[in-house]
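Engineer: Dumping the structure here so I can ask a few things about it.
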Amino acid sequence: METIQLPVPRTQSAYSLERALHERRSVRRFSPTALTLEQVSQLLWAAQGVTHASGLRTTPSAGALYPLETYVVAGNVTGLRPGVYRYLPQRHELAPAGRANARAALAAAAPGQTAVAEAPAVVALAAVEGRTTAKYGRRGIAYVEREAGHAAQNLLLQATALGLAGVPIGAFDDARVAAALGLAGDERPLYLIPLGRPAQH
Ligand SMILES: Cc1cc2nc3c(=O)[nH]c(=O)nc-3n(C[C@H](O)[C@H](O)[C@H](O)COP(=O)(O)O)c2cc1C
């Protein structure tokens with residue numbers, strides 16, 4: 001299947017980092033408003049976008065080995081058919097991936113986490129730990145988990161600056177999430193991050 005070129009991310013805005021730090025909150029209820037492809041582009045860029053000609057990214061990485069793989073499960077995104085897509089940082093593109101009806105399977109893999117079923121999109125961070133453990137041994141596993149924290153925080157602060165919000169979810173069944181997303185055997189899911197416009201109270 002063909003890849004989807006994402007809109008060019010912006011590197012400036014009038015919304016300050018300090019304001020994003022101050023305003024960020026975990027949000028688990030979303031308005032039914034669709035996300036735009038521009039918003040999805042900006043969020044993925046914040047998490048793992050390439051920011052240097054040498055391939056360095058928005059997020060630091062032990063040894064610059066980049067073990068993280070970023071997926072977006074689109075439910076209600078303008079310009080994206082519902083389904084699973086893998087983010088290709090170097091090309092800033094999305095590659096269709098995963099199985100049909102992934103959202104229902106993903107929600108079932110995270111029981112009680114209604115945001116996974118209801119958000120217009122869910123970003124999933126997974127990791128190929130071997131990329132990092134090949135250099136750092138067992139200690140590399142903890143490095144990879146730290147990196148997922150960097151990427152998730154970048155994403156959540158960017159969401160805040162766009163008037164969006166999300167929640168980083170760690171409570172899920174790894175094997176069922178991997179199956180829902182169609183992950184390769186060497187990929188381990190680390191975070192599910194439902195995203196959208198916060199519901200009005
Ligand atoms: C490693 C980690 C795992 C988390 N897992 C979940 C989760 O499974 N479900 C959930 O609703 N929130 C989860 N959270 C979000 C926390 O509940 C939330 O960050 C905390 O209540 C503080 O609120 P705040 O994010 O609005 O500052 C997780 C946060 C972290 C850092």
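Derivation of every value follows stated rules applied to the coordinates shown; laboratory data play no part. All figures in this text were calculated on a predicted structure; none of them were measured in a lab. In this analysis, Cβ positions are derived from the backbone assuming ideal geometry, glycine residues included, and neighbour counts consider all displayed protein chains.
Engineer: Could you sort 24-30, 13-19, 159-165 so that the peptide with the highest average Cβ count within 10 Å comes first and the rest follow in order?
Structural biologist: Working: 24-30: 16.7, 13-19: 10.7, 159-165: 20.7.
Sorting 24-30, 13-19, 159-165 by mean packing, highest first, produces 159-165, 24-30, 13-19.
Engineer: Then there is this: Just rank I169, I4, fewest to most, by other beta-carbon atoms within 10 angstrom.
Structural biologist: Details: I169 20, I4 17.
Least to most surrounded, the residues fall as I4, I169.
Engineer: Using the alpha carbon gyration tensor of the range 124-174, what are the three equivalent-ellipsoid semi-axes (square root of 5 times each eigenvalue), largest first, in whole Å?
Structural biologist: In descending order, the three semi-axes are 26, 13, 7 Å.
Engineer: Pull out a ≥ b ≥ c, the square roots of the eigenvalues of the alpha-carbon gyration tensor of the chain, then state rounded if a/c is under 1.5, prolate if not and a/b is larger than b/c, and oblate in the remaining case. It would help to have the intermediate numbers written out before the result.
Structural biologist: On the way: a/c = 1.37, a/b = 1.12, b/c = 1.22.
It comes out rounded by the Cα gyration axes.
Engineer: Something else: Evaluate the relative contact order of the range 68-201 (contact order divided by residue number), counting alpha-carbon pairs under 8 angstrom at least 6 apart; express in whole percent.
Structural biologist: 30
Engineer: Here is a follow-up. Hey, can you rank 184-196, 80-92 by average C-beta count inside 10 Å, highest first?
Structural biologist: 184-196, 80-92
Engineer: Follow-up. What does the net charge come to around P67 if you take all other residues with beta carbon closer than 12 Å to its beta carbon, with K and R at +1 and D and E at -1? Please list the in-between numbers first.
Structural biologist: Details: positive: R57, R131, K135, R146, R188; negative: E69, E129, E145, E147, D186, E187.
Spelling it out: positives minus negatives among the neighbours equals -1.
Engineer: Next question, about the same structure. If the viscosity is 0.890 mPa s and the temperature 25 °C, what translational diffusion coefficient in µm²/s does Stokes-Einstein give for the range 6-66 when Rh comes from Kirkwood over Cα pairs?
Structural biologist: Details: Rh = 13.9 Å.
Approximately 176 µm²/s, per Stokes-Einstein.
Engineer: When Lys and Arg each count +1 and Asp and Glu each count -1, what net charge do the other residues less than 13 Å away from G140, Cβ to Cβ, add up to?
Structural biologist: On the way: positive: R131, K135, R138, R139, R146, R188; negative: E129, E145, E147.
Net charge around G140: +3.
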